[in-house]
Structures are given as C-alpha cells and as structure tokens.
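Each remark here refers to the structure printed beneath this line.
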Amino acid sequence: MASSSLSDKAIAVFAFAAYHELSSGDAVVDVVLKDGAGHAADPAAIEELETAGLAEKKGERAAFTDSGKAKLAAVIAAMRGA
C-alpha cells in the first residue's frame, strides 16, 4: 500500500475495522465510538478521518464514506498480500 498521510491512530481505526471484517466475513461500514465496555475510538483519529473525508460521525458511530470504504478495502488487500 502506498504511503499514507494519516496518523498511526487514524490508521488504527482502519486496522480495527479490517480485523472485524476479516474475522466476521461481513462488510464493515462504520465503527462504534464507545462500546460501553471501556473501549473507545480515539476522538482525534475520528476527527482526522472526518477532515480527510473518510468518515462521518453519526450518533454513536463513525460511518465510512465511499472514500473511507475504498481505503478500508485497500488496507485489507494489503494485509492479504503481505
């Protein structure tokens, strides 16, 4: 995968989503911001993804935009090719 101008924390959001997509076999289109069990998406990472046009906050979730879905697909493809 080509270099990214995203921070490691923003990339971690995609890594988290990739894990869930690969382990479940279901497409991941959004991530929960706080799961109620002590896990939370980094607010700065979500803000960065929003600024980059890769995600949009919608209530308790951050939904990937079409560009974000394409980025997630690229992350998964890179992992499969590693």
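No lab work stands behind these numbers, since they all come straight from the coordinates. Since the structure is predicted, the reported quantities are computational estimates derived from the model, not experimental observations. Every residue, glycine among them, receives a Cβ derived from its backbone with ideal geometry; neighbour counts consider all protein chains shown.
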Of all the C-alpha pairs in the chain, what % are more than 20 Å from each other?
25 percent
How about region 26-57: which GluC sites (Glu not before Pro) there are in a DSSP loop, with at most 11 other Cβ atoms within 10 Å of their Cβ?
none
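Can you sort Val32, Val75 from fewest to most other Cβ atoms within 10 Å of each residue's own Cβ?
By the 10 Å Cβ count, ascending: Val32, Val75.
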Point-charge dipole on Cβ atoms (K/R +1, D/E -1) for the chain, about Cα centre, debye to 20:
140 debye
Once both labels are modelled 7 Å past Cα along the beta-carbon direction, what's the Asp66-Ala15 spacing in nm?
3.0 nm
